[in-house]
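Following: one structure in structure tokens, then a few remarks.
The values are calculated or read from the model by the stated rules, or taken from the named source; none is laboratory data. Values in this document were obtained by computation on a predicted structure and should not be read as measured data. Ideal geometry is used to build each Cβ from the backbone, glycine not excepted, and the neighbour counts take in all protein chains shown.
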Amino acid sequence: MRGSTSWDISSEEKVAAGLAYFLGFIPALIIWFLKRRESDYVSFHAVQAALDDGLLMMVAVVLFGMQFLNMFFWMFATTFGANYLMDLIESGNPLLLILIALFLMLTAMGWMSMMILVLLSLSLIDLAAAFSAFTGKDFRYPVFGVLAERINRSV
């Protein structure tokens, strides 16, 4: 693949490859479509960026769906479970009801924090790939790098 060294890549190619990572899934596909015959470097990084951003979008959709179900469950548990637990422990104490509901809601927020951490770390890896492409370095994801090469060879 042309582009394993930084001195044979034009600044325009570096910018196009970096933007493919930086802008997201659809722009990466557009960059690949426009530059696939002109530059192996841009083509490879655009396909790799599209594969990574596509996976990131799927992970985000799954996590947000799970978060919705999780919040629905915890709202149900907070509403009915806190009342039930309060009736078992001590009926008529509103402070206890508030503490139980607060604990259940904080548990649900813990899941949200985990989801944000996963998506943020995946986005930071994408940012590192964009920086590598902007500087002309050959950045490869372990699986997506091989897939991107196969896709570029077949086109």
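Annotations for the structure displayed:
- Only one of the numbered conditions (1) exposed (fewer than 12 other Cβ atoms within 10 Å of the Cβ); (2) of a type outside the set (Asp, Glu); (3) within 20 Å of the chain's Cα centre (by Cα); (4) modelled with pLDDT under 85 is violated by residue 58, and that is (4).
- The set of residues in region 23-81 being under 16 Å from residue 134 (Cα atoms) and among the aliphatic types (A, V, I, L, M) consists of 23, 28, 31, 42, 46, 47, 49.
- Unmet criterion (only one of (1) surrounded by 16 or more Cβ atoms within 10 Å (Cβ to Cβ); (2) part of a helix (DSSP H, G or I); (3) among the hydrophobic types (A, V, I, L, M, F, W, C); (4) modelled with pLDDT under 85) for residue 129: (4)
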